[in-house]
Amino acid sequence: MHVCTYICVVKLEQAIQSTKFKNEVHKAGLNILYTAWWLKTQMSKELKEFGLTHEQYNVLRILKGKYPDQMCVRDIACRMIEKNSNVPRIIDRLEIKKLVKRSTSALDKRETVITLTQGGITLLEASTVVLNKILDESLVITEQDALALNGLLEKVRLAES
C-alpha cells in the first residue's frame, strides 16, 4: 500500500501522531486541513503525468465552463480555488504549452482575454477522467454522507461571506 494512502486510512491521531486537541471542533479543523492536503497530494501526482499543476488544471476547468466564450484574467482569478494564485503567470505557462490562447478583447482593447485551444480541451478531458477516478476511489462515502458533509463545510465557511 502506498505510504500516503496508508496515512489517510488511519485516524487523524495516528497520522499526525498527536492526541492533544483543544476540542473536537479544533480537531475537525485539523482533519479538514490534513484531508485536503492528502487529496491534493493524490491529485498532484496524477496531474504531473499530464504536465499540469493544480492551478493550471483549475484554470483549464474554468475556461471549459465558459467555452467557447473567452474570459478575462480577472474573471478567471475570481473563480480560482486558491485565491492567491498568480493567474497571469499560470496563463503564461498554459500558453507556452499551447493549451490556451491569449488575445485582445474586442470590447475593450486594454483587456486581455483567454480561451481554450483544442489541445487544452483534449488534455483537460483526459486528465479529468483520471482525477474523477481518484475521487471515486478516495471519497468512499454515500451521496447522503456527501450531502451532509457539503452542508457542514458550507456552514464552516459562513464567516467567509
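The values are calculated or read from the model by the stated rules, or taken from the named source; none is laboratory data. Treat the numbers as computed from the prediction; the structure is a model and nothing was measured. Backbone-built Cβ (ideal geometry, glycine too); neighbour counts: all protein chains shown. For the accessible areas, the whole protein counts, side chains as well, though only heavy atoms, and no ligand, DNA or RNA atoms are used. Shrake-Rupley method; radii C 1.70, N 1.55, O 1.52, S 1.80 Å.
Residues that are part of a helix (DSSP H, G or I), open to solvent by 70 Å² or more (accessible area, probe 1.4 Å) and not polar (S, T, N, Q) are absent from the range 103-113 altogether.
Condition first: under 26 Å from LEU52 (Cα atoms), in contact with a helix residue (DSSP H, G or I) (Cβ under 9 Å, 6 or more places away or on another chain) and not in a helix (DSSP H, G or I). Now tell me which residues in the range 118-161 satisfy that. LEU139, the sole residue that qualifies.
Exactly one residue out of ALA126, ALA106, ALA148 is of a type in the set (A, V, I, L, M) and at pLDDT below 90, and it is ALA106.
Being out of contact with any strand residue (DSSP E or B) (no Cβ under 6 Å at 6 or more places or on another chain) and within 30 Å of GLU24 (Cα to Cα), is that true of even one residue in the range 122-134? Before the answer, list the steps.
So the first thing to find is which residues in the range 122-134 are out of contact with any strand residue (DSSP E or B) (no Cβ under 6 Å at 6 or more places or on another chain), and the list is 122-134.
This time we only want the ones that are within 30 Å of GLU24 (Cα to Cα), so: 134.
Scanning the range 122-134, I find at least one residue that is out of contact with any strand residue (DSSP E or B) (no Cβ under 6 Å at 6 or more places or on another chain) and within 30 Å of GLU24 (Cα to Cα), so the answer is yes.
For the range 94-120, give me each residue that is closer than 15 Å to GLN70 by Cβ and touching a Lys or Arg at 6+ places or on another chain (Cβ under 7 Å). Those that are closer than 15 Å to GLN70 by Cβ and touching a Lys or Arg at 6+ places or on another chain (Cβ under 7 Å): GLU95, THR112, ILE114, THR115, LEU116, THR117.
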